[in-house]
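Derivation of every value follows stated rules applied to the coordinates shown; laboratory data play no part. Note that the structure is predicted; figures quoted are calculated from it, not measured. With ideal geometry, Cβ positions are generated from the backbone for all residues, glycine too; neighbour counts draw on all protein chains shown.
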Amino acid sequence: MKLTATPLQDSYIVEPVVFGDARGYFFESFNQRKFNEALGQNFNFVQDNQSKSTYGVLRGLHYQTSQTQGKLVRVVQGEVYDVAVDMRKNSKTFGQSFGVYLSSENQKMFWIPAGFAHGFVVTSPEAIFVYKTTDYYQVESEVVLLWNDPALKIQWPEMTQPFQLNQRDLKGLPFNQCPYL
């Protein structure tokens, strides 16, 4: 496993070692011991989630104010542009965002620590997105950060049609009105 630091404090791109030949490929998609050793901390994942979305669907930006979740995200089919925003007020990168393309082709994963808002937009005809979380989902503490707040300076990809969002995500709060962690 190869870790590459992102511009956001404590977040990383994770690249598995892939063994491939004419028959296809194999890689270890997750190993708790290796992951903890690479990050120098002990994380315990308690929940796996999966979503399937079509081109232009934007999900996010979501985070929880209690039972905050670290997320290890990846794409098993298609491609997404994945974004994290640091909501930790004592962080050196508080309020900053970072985005990366994750796909079934590049097989990259994105480690997003607890205390970050997270979202993605599908850039392929469809995508299957999977992620592990370090705590359970708690609807009462979920906050939706407005995906297109200019203060975040997110460079979402150019699309051939408008983004598709649900009503909850369309009504997200601007960064300056969100609770910080």
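Between the C-alpha center of segment 133-172 and that of segment 15-65 there is a gap of 20 Å. In plain terms, the bigger the Kirkwood radius, the slower the diffusion; for the chain, with that radius from Cα pairs, at 10 °C and 1.306 mPa s, Stokes-Einstein puts D at 95 µm²/s. Helices in the chain, meaning DSSP H runs of at least 4 residues, each add -39500 (n - 2.57). Divided by all residues, the mean residue ellipticity at 222 nm is -1500 deg cm²/dmol. Lys-Lys pairs in segment 44-177 that are eight or more residues apart or on separate chains and whose Cα atoms lie under 16 Å of each other come to 4. The magnitude of the dipole of the chain, with charges of +1 and -1 set on the Cβ of Lys/Arg and Asp/Glu and taken from the Cα centre, is near 220 debye.
Using DSSP to define loop residues, name the trypsin sites (Lys or Arg not before Pro) in segment 80-171 whose beta-carbon has at most 16 other beta-carbon atoms within 10 Å.
On the way: sites: 88, 89, 92, 108, 132, 153, 168, 171; in loops: 88, 89, 92, 108, 153, 171.
Hits after loop and neighbour filter: 89, 92, 153, 171.
Using the Cα gyration tensor of segment 18-78, with a ≥ b ≥ c the square roots of its eigenvalues, what is the shape: rounded (a/c below 1.5), prolate (a/b larger than b/c) or oblate (neither)? Since a/c reaches 1.5 but b/c is at least a/b, the shape of segment 18-78 is classed as oblate.
Listed from fewest to most Cβ neighbours within 10 Å, the set 25, 63 follows the order 25, 63.
Restricting to segment 44-177, what percent of DSSP beta bridges are antiparallel, rounded to 5?
On the way: 39 of 41 bridges.
In segment 44-177, approximately 95 percent of DSSP beta bridges are antiparallel ones.
Projecting the Cα positions of 8, 104, 124 onto the charge dipole of the chain (unit charges on Cβ atoms of Lys, Arg, Asp and Glu, taken about the Cα centre) puts 8 furthest along the positive direction. Taking K and R as +1 and D and E as -1, what net charge do the other residues with C-beta under 11 Å from the C-beta of residue 108 add up to? Around residue 108, the charge tally is -2.
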